[in-house]
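S.K.: Below is the structure I would like to discuss, written out as C-alpha cells.
The values are calculated or read from the model by the stated rules, or taken from the named source; none is laboratory data. Quantities reported herein were computed from a predicted structural model and do not represent experimental measurements. Glycine also receives a Cβ, built like all others from the backbone with ideal geometry; neighbour counts cover every protein chain displayed. The accessibility values were calculated without ligands, DNA or RNA, using every heavy atom of the protein model including side chains. Shrake-Rupley method; radii C 1.70, N 1.55, O 1.52, S 1.80 Å.
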Amino acid sequence: MSWLTNINWEQIYEALVETIYMTGVSMIFIVVFGLLIGILLYCTQTGGLYENKYISKVVDVTVNVLRAIPFIIMVFLIIPFTKFLCGTMLGATAAIPSLVFTASPFFARLCVIAFNEVDKGTIEASEAMGASKFEIITKVLLPEALPAIVSGISVTAVTLVGYTAMSGAIGAGGLGNVAYLYGFSRRNGTILYMATAMVVIIVFILQGIGDYLVSKIDKR
Amino acid sequence: MIQLKDIIKIFTTKGEDIHAVRNVTLDINDGEIFGIIGYSGAGKSTLVRIINQLEKQDSGEVIINGTDIGKLKDSELRKERQKIGMIFQHFNLLWSRTVEENIAFPLEIAKVGKEERQKRVDELIKLVGLEGRGKAYPSELSGGQKQRIGIARALANNPEILLCDEATSALDPDTTESILDLLKRINKELGITIVMITHQMEVVQKICHRIAVMSDGRIVEEGTVKDIFENPKHEVTKRFVTNVDSNGKIEKIQKELKELYPFGQIVRLSFTGEISKKPILDTVLKKVNFPVSIVNANIGHSQIGPMGVMYVHISNGTESEYQEFVKLLRDEGVIVEVL
C-alpha cells in the first residue's frame with residue numbers, strides 16, 4: 001500500500017471541502033436566481049399570467065446570451081465584477097460569481113420547462129376558483145412543478161461540480177486544483193485518480209439525493 | 001339567474017378570425033339544470049367560460065343575479081368566481097395535493113380559517129362519497145373518484161352556480177351514470193343552478209331540465225328536453241336526437257352493413273316524434289320503381305317519445321331515381337344520411 005503514502009490526505013480533504021463549498025453556495029444563488037428568472041419567463045410568455053412581449057423577449061435573449069458563453073470565458077469576462085464583489089479573483093469564494101452567472105440561466109431554462117409541464121387545466125381551474133395570480137404561482141405552479149424543479153436542481157448541481165473543477169484549475173482551489181496542480185503538473189498519477197474518484201463520488205451522491213427526493217415528492 | 005345578452009367571441013389565430021360564439025342570448029333560471037349540447041368546435045366550451053369570465057367576450061353582457069360581471073374589477077371578479085363552481089373533463093386536480101388538500105384549496109383562496117376548512121372538507125368528502133380516501137393522492141384514484149373530488153372542490157365555497165365542462169366525457173358509462181346521479185342530487189338538495197356542456201345526448205336526456213343546441217357558435221334550438229326530443233327542428237338537433245343512446249353501436253352497425261353490401265347504396269333513415277307513426281316508407285316506395293330492402297331497423301318508444309332508425313339498401317336504380325327517393329323521404333320529415 002505504498003502508493004497511499006503519495007497522497008497528502010489533508011490536502012485532499014481540504015480540496016474536497018472547497019469543492020463542496022463552491023458547489024453548495026453557488027447552488028443556493030443559482031436556485032434563487034434561476035427560479036426568479038424562470039418564473040419571469042414563464043409568466044411573461046405568450047398566454048402567460050402576465051403576458052408581456054417585451055420583457056419576455058429581453059429576458060429570453062439575455063438568458064440565451066449568458067448560456068452561450070462558455071464557462072471558462074465567463075470566468076475571465078467577469079473578473080472586474082468578481083474583484084469588486086470578492087476583493088480578489090483567486091480562491092473558492094471568487095469562483096462563485098462566475099459559477100452563478102453561468103448556471104443560473106441554465107437552471108432558469110429547466111424551470112421554464114418544469115412550469116410549462118404543469119397542466120394548463122389546473123391553472124385554469126384555479127383561476128375559475130378565484131385564485132389571484134400570486135396564489136396561482138405560489139400554490140399551484142411551484143408545488144406542481146416541484147418534482148421537475150428538484151430534478152433540475154440535481155442536473156444543475158452535477159454540471160456545477162464539473163465547472164468547479166475547471167475553475168479549480170485556474171486558481172479557485174478544490175479538487176480541480178489538486179488534480180491539475182499536484183496530479184497533472186507534478187505527474188502524480190495517484191493524486192490525479194484520487195481527485196477524479198472524489199469528483200465522481202460527489203456527482204453520484206448528488207444525483208442519488210436528487211432522484212430520491214423526486215421519487216418522494218412526485219405524486220403523479 | 002344567468003343572463004347572456006348578445007355574446008360575441010372571436011379568436012384570431014394566424015391572422016384568421018374564428019367566430020367561436022355568435023350573438024348568443026340565453027337565460028338560465030335559478031335552480032335548473034341547463035344543458036348546452038353541440039359537436040366539438042360548436043363554441044360551447046367558450047360559451048361556458050364566458051359565464052365565469054375565463055374568456056372575455058368581445059361584445060355582449062353576462063349578468064349573474066343582476067351583476068354585470070364583465071364590468072367587475074379583477075378583485076371583485078375573483079370574489080364572484082368563488083360563487084361559481086366549475087368542474088372539468090380532465091378533472092384538473094392538483095397532483096401534489098391529497099384529496100383533502102385539493103378540496104381545501106378553494107377554501108384557502110377564500111381565506112377560510114384552518115379549523116372551519118377542515119370541517120367543511122369533511123362535510124364535502126361525505127357529500128360526494130369519498131369517505132376514507134381523504135389522505136390519498138388523486139393519482140391513486142379512479143376517474144369517477146377524481147371527478148368526485150372535482151365536484152367537492154367546486155362546491156367548497158357554497159356556490160350558487162356549478163359549471164360542468166364535459167364533466168362526464170372522460171368516464172365510462174357506469175361512472176357517468178353515478179356522477180350524473182350525484183349532480184342531480186346536488187341540484188335537488190342544495191338548489192344549485194347547474195350549467196353543463198356536453199356532446200353526449202344521453203347526459204342531457206338524463207338530468208337536464210332545459211337544453212340549448214349549439215352549432216357553429218350559434219344557439220340553433222332551445223327548449224325543454226321533452227320538446228327538443230319530440231320535435232327537433234334544426235338539422236343538428238335531429239342528428240343528436242337520432243344518435244342518442246348508441247354511441248359506438250351505430251358505427252359498428254354501419255361498418256358491418258358496408259361489408260355485407262359492398263355494392264349499391266346504403267341509406268340511414270331516422271324518424272322521431274309524430275312522423276314515426278306514419279307509413280312513410282310505404283308511401284315513398286309506391287312512388288319509386290326500384291326495390292328497396294330493409295337491412296337493419298330499430299324502432300322503439302323511449303321516454304321521450306317514439307323514435308326509429310332504419311337502414312335500407314338500394315341495389316339498382318338510376319342516380320336520378322335514387323335522388324328522388326331521398327328527396328321524397330326528406331319531404332316527409334325523415335332524416336336521411338347516405339353512407
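S.K.: Please specify each residue of region B:217-248 satisfying the condition of being in contact with an Asp or Glu (Cβ under 7 Å, 6 or more places away or on another chain), open to solvent by 20 Å² or more (accessible area, probe 1.4 Å) and modelled with pLDDT of 85 or more.
M.R.: B:HIS234
S.K.: Only one of (1) away from chain B (no Cβ under 11 Å); (2) of a type outside the set (Gly, Ala, Ser); (3) part of a helix (DSSP H, G or I) is not met by A:ARG187, so which one is it?
M.R.: Condition (3) is where A:ARG187 drops out.
So that you can scan it fast, the table gives a plain yes or no per residue for (1) closer than 26 Å to B:HIS19 by Cα; (2) in the same structural domain as B:GLN145 (by TED's automatic domain parsing); (3) out of contact with any Gly (no Cβ under 8 Å at 6 or more places or on another chain):
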| position | (1), (2), (3) |
| --- | --- |
| B:GLU55 | yes, yes, yes |
| B:ASP58 | yes, yes, yes |
| B:ASN65 | no, yes, yes |
| B:GLN82 | no, yes, no |
| B:PHE88 | yes, yes, no |
| B:TRP95 | no, yes, yes |
| B:PRO106 | no, yes, no |
| B:LYS119 | no, yes, yes |
| B:GLY129 | no, yes, yes |
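S.K.: Being within 14 Å of chain B (Cβ to nearest Cβ) and of a type in the set (Gly, Ala, Ser), is that true of even one residue in region A:102-119?
M.R.: Yes.
S.K.: Here's a follow-up. Is there any pair linking a residue in region B:77-91 that is at positive phi and of a type outside the set (D, E, K, R) to one that is assigned to a loop (DSSP other than H, G, I, E, B) and open to solvent by 30 Å² or more (accessible area, probe 1.4 Å), with Cβ under 9 Å and at least six apart or on different chains, and which?
M.R.: B:PHE91/B:ALA170
S.K.: I'd like the residue in region B:162-179 that is open to solvent by 10 Å² or more (accessible area, probe 1.4 Å) and within 12 Å of another protein chain (Cβ to nearest Cβ) and, out of all such residues, is nearest to B:GLY85 (Cα to Cα).
M.R.: B:ASP165
S.K.: Shifting gears a bit: Got a number for residues in region A:166-184 being out of contact with any Leu (no Cβ under 6 Å at 6 or more places or on another chain) and either open to solvent by less than 50 Å² (accessible area, probe 1.4 Å) or within 14 Å of another protein chain (Cβ to nearest Cβ) (or both)?
M.R.: 10
S.K.: Here is a further query. Filter region A:170-179 down to the residues that are of a type in the set (A, V, I, L, M, F, W, C) and within 19 Å of the chain's Cα centre (by Cα) and list them by number.
M.R.: A:ALA172, A:LEU175
S.K.: Just to check your reading of the model, which residue among B:ILE28, B:ILE69, B:ILE33, B:ILE37 is within 14 Å of another protein chain (Cβ to nearest Cβ) and open to solvent by less than 10 Å² (accessible area, probe 1.4 Å)?
M.R.: Testing whether each residue is within 14 Å of another protein chain (Cβ to nearest Cβ) and open to solvent by less than 10 Å² (accessible area, probe 1.4 Å) leaves just B:ILE69.
S.K.: Which one is most open to solvent (accessible area, probe 1.4 Å) among residues in region A:120-138 that are facing chain B (nearest Cβ under 7 Å) and part of a helix (DSSP H, G or I)?
M.R.: That would be A:GLU127.
S.K.: Give the number of residues within region B:96-130 that are in contact with a helix residue (DSSP H, G or I) (Cβ under 6 Å, 6 or more places away or on another chain), assigned to a loop (DSSP other than H, G, I, E, B) and not hydroxyl-bearing (Ser, Thr, Tyr).
M.R.: 2
S.K.: Can you name the helices (runs of 4 or more DSSP H) wholly within region A:1-84 that have at least 2 residues being over 21 Å from A:ALA148 (Cβ atoms) and hydroxyl-bearing (Ser, Thr, Tyr)?
M.R.: A:9-44, A:53-68
S.K.: Ok, one more. Can you tell me which residues in region A:85-109 are more than 17 Å from A:MET27 (Cα to Cα) and either part of a helix (DSSP H, G or I) or without any contact (Cβ under 8 Å) to a residue 12 or more places away in the chain (or both)?
M.R.: Correct list: A:LEU85, A:CYS86, A:GLY87, A:THR88.
S.K.: Here is a follow-up. Would it be correct to say that A:TYR163 is more than 16 Å from A:ILE12 (Cβ to Cβ), in contact with a Leu (Cβ under 8 Å, 6 or more places away or on another chain) and open to solvent by 30 Å² or more (accessible area, probe 1.4 Å)?
M.R.: Here the answer is yes, as A:TYR163 does meet what is asked.
S.K.: Now for a different question. Just to be sure before I move on: is B:LEU329 assigned to a helix (DSSP H, G or I) and open to solvent by less than 90 Å² (accessible area, probe 1.4 Å) in the structure I sent?
M.R.: So B:LEU329 fits the description; yes.
S.K.: Which number in (1) under 24 Å from A:GLU135 (Cα atoms); (2) small (Gly, Ala, Ser); (3) without any contact (Cβ under 8 Å) to a residue 60 or more places away in the chain marks the one condition that A:GLY34 misses?
M.R.: (3)
S.K.: Filtering region B:115-126 down to residues that are open to solvent by 30 Å² or more (accessible area, probe 1.4 Å) and in contact with an Asp or Glu (Cβ under 9 Å, 6 or more places away or on another chain), which residue is farthest from the other protein chains (Cβ to nearest Cβ)?
M.R.: For region B:115-126, the residue satisfying everything is B:ASP122.
S.K.: Looking only at region B:28-47, which residues are outside any loop (DSSP other than H, G, I, E, B) and more than 18 Å from B:GLU221 (Cβ to Cβ)?
M.R.: Correct list: B:SER45, B:THR46.
S.K.: Please determine whether any residue of region B:9-25 is part of a loop (DSSP other than H, G, I, E, B), open to solvent by 30 Å² or more (accessible area, probe 1.4 Å), assigned by TED's automatic domain parsing to the domain that holds B:SER139 and touching a strand residue (DSSP E or B) at 6+ places or on another chain (Cβ under 9 Å).
M.R.: Looking through region B:9-25, none of the residues is part of a loop (DSSP other than H, G, I, E, B), open to solvent by 30 Å² or more (accessible area, probe 1.4 Å), assigned by TED's automatic domain parsing to the domain that holds B:SER139 and touching a strand residue (DSSP E or B) at 6+ places or on another chain (Cβ under 9 Å).
S.K.: Any chance region A:206-219 includes a residue that's within 21 Å of the chain's Cα centre (by Cα), assigned to a helix (DSSP H, G or I) and buried (at least 23 other Cβ atoms within 10 Å of the Cβ)?
M.R.: no
S.K.: Continuing with this model, one more query. If I filter region B:84-107 down to residues being of a type in the set (Gly, Ala, Ser) and either facing another protein chain (nearest Cβ under 8 Å) or touching a strand residue (DSSP E or B) at 6+ places or on another chain (Cβ under 8 Å) (or both), which single residue comes out as surrounded by the most Cβ atoms within 10 Å (Cβ to Cβ)?
M.R.: Going through the qualifying residues, I end up with B:GLY85.
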